[in-house]
Amino acid sequence: MYRSSAAKAGIALLTANNKYFFANFTFLLVLFLFSFLVIYLLRKEGNLKIFILLLLYHTWMSVCYYFLQPWPPLDTAGYYKMALDGRNIADFSAVGKEYVSVVLYPLVKYLHLSFFSGFMLFNVIGFIGLLFFYITMKSLLNNNEKAVKLLNILIFLPGISYWTAPISKESITFLGITMILYSLVNLGKRFIYFFFGLIFLALIRPHILVMVIVSLLLSMLFLARLNFIKKLVFIPLLLILLVPAHSLLLQQTKLKQVTLETAEEFIEERGVNWGGGSGVDIQNYNPVFKFFTYLYRPLFVDVHSVPAALASCENLIYLIISLQMLSFKFFKFIKNEKNLFLSFNLLFFFIGAVLLSHTEGNLGTAVRHKIMIMPSLLALYLVYKAKTQPATVAARKLATAGYKKS
């Protein structure tokens, strides 16, 4: 009986606004024309063929998610239903998961956006995030053909595209993070991207915002080589930004204050295995195995389904990449470069992996959530390969100039 009523509710949700065929067709047409316009404008900063393939690939992932998601849909349908049922924009807190519904609300209410059209909107948001990542890395690898070919392969890793394709917090979070990475190549000239990247993180995942700010502060204070003026401007700015970020973090976690005791209680509660086929009880794991579980599982020993097998293949790639960087040569490279982009990515990846690995008790959610830090791992690996693989002297000078501007 419950399944029947749930199925009926799911069908009603999926077909909501479908009668407005012309409005949705027009929206989708404008959306994809906009996507191709963005591709055309960015063609000189990347690879036109790769961009078009990436748009088609990412859209295919979105369609797959739409039809393969559990029935009735849970998270994605929840965001859409909240927008559909909302009476006005003031009904939403606009922080955390409700911000997804804030994005949908005017389009659902006034343009009669369907559930599928909502998927396509967030598909394009995730796709633009991938474009930001691609052009950021291309600018740093432009003169090393092997590294660029590697980028052209890694940009199509299925997990990142799959989890940034549906109506979700991941799409907006990923866009915010990649905008920040893009800005760090030349923070002075790209501050507007940095600002909007922080805004997206503040509205969706305040804890990631705090990790970004802390990683940047530590990079500027101890690791990166920055001139005095930039330190004088950005370090106080980041310290000021910590205040609202801390407030948003308390609102998200529902903690009255952040202390060692409350943090431990929160971590223990979040680390509980909440059940499900991909549940893993991490509470009794040592810190190293928690770290490994979060980043590299499921591996093939955990496989119980086709999606888990695909995730295992991707995690194997991440594991191979990590092992290649686990060397004295890599850390010497980071130390010698003293670059803001590299030092931030190193700290953000490490801090994120350590903290998030203590709060994940389910491999299914870990696979989805770790796409927030995996761009940093890929960025470190690609720049490391580009700088340490053989290249002409001229190519090395041009590549170095690309990311030493910051």
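What to note about this one:
- Residue in segment 191-206 that is over 20 Å from Leu242 (Cα atoms), in contact with a helix residue (DSSP H, G or I) (Cβ under 7 Å, 6 or more places away or on another chain) and not in a helix (DSSP H, G or I) present: no
- Residue among Phe36, Phe51 that alone is within 21 Å of the chain's Cα centre (by Cα) and at pLDDT 90 or above: Phe51
- Residue within segment 299-306 that is surrounded by 13 or more Cβ atoms within 10 Å (Cβ to Cβ), at pLDDT 80 or above and of a type outside the set (Ser, Thr, Tyr) present: yes
- Condition check for Leu310: without any contact (Cβ under 8 Å) to a residue 40 or more places away in the chain and more than 30 Å from Leu187 (Cα to Cα): no
- Test: Leu382 is of a type outside the set (Gly, Ala, Ser) and more than 24 Å from Ile213 (Cα to Cα): no
- Filter result for Leu181 (surrounded by fewer than 22 Cβ atoms within 10 Å (Cβ to Cβ) and under 14 Å from the mean Cα position of the chain (by Cα)): no
- Taken over segment 188-219, the residue count meeting the criterion of being crowded, with 22+ Cβ neighbours inside 10 Å and of a type in the set (D, E, K, R) is 1.
- Within segment 73-102, considering residues that are surrounded by fewer than 17 Cβ atoms within 10 Å (Cβ to Cβ) and more than 21 Å from the chain's Cα centre (by Cα), the one modelled with the highest pLDDT: Asp85
- Residue in segment 23-30 that is in a helix (DSSP H, G or I), closer than 27 Å to Phe156 by Cα, in contact with a helix residue (DSSP H, G or I) (Cβ under 9 Å, 6 or more places away or on another chain) and modelled with pLDDT of 70 or more present: yes
- Residue within segment 149-167 that is of a type in the set (Val, Ile, Thr), crowded, with 24+ Cβ neighbours inside 10 Å, out of contact with any Phe, Trp or Tyr (no Cβ under 6 Å at 6 or more places or on another chain) and under 22 Å from Val367 (Cβ atoms) present: yes
- Selection count where residues are in a helix (DSSP H, G or I) and either touching a Gly at 6+ places or on another chain (Cβ under 9 Å) or aliphatic (A, V, I, L, M) (or both), scope segment 207-229: 15
- Scanning segment 313-323 for residues that are without any contact (Cβ under 8 Å) to a residue 60 or more places away in the chain and buried (at least 18 other Cβ atoms within 10 Å of the Cβ) gives Asn315, Tyr318.
- Segment 284-300 residues that are closer than 13 Å to Asn315 by Cβ, paired with ones that are among the β-branched types (Val, Ile, Thr) (beta carbon under 8 Å, 6 or more apart): Thr293/Val280; Thr293/Ile282; Arg297/Val280; Pro298/Val367
- Single match in Phe119, Phe156, Phe133, Phe127 (criterion: outside any loop (DSSP other than H, G, I, E, B), over 17 Å from Leu42 (Cβ atoms) and hydrophobic (A, V, I, L, M, F, W, C)): Phe119
The values are calculated or read from the model by the stated rules, or taken from the named source; none is laboratory data. Please read these numbers as outputs of a predicted model, since none were measured by experiment. In this analysis, Cβ positions are derived from the backbone assuming ideal geometry, glycine residues included, and neighbour counts consider all displayed protein chains.
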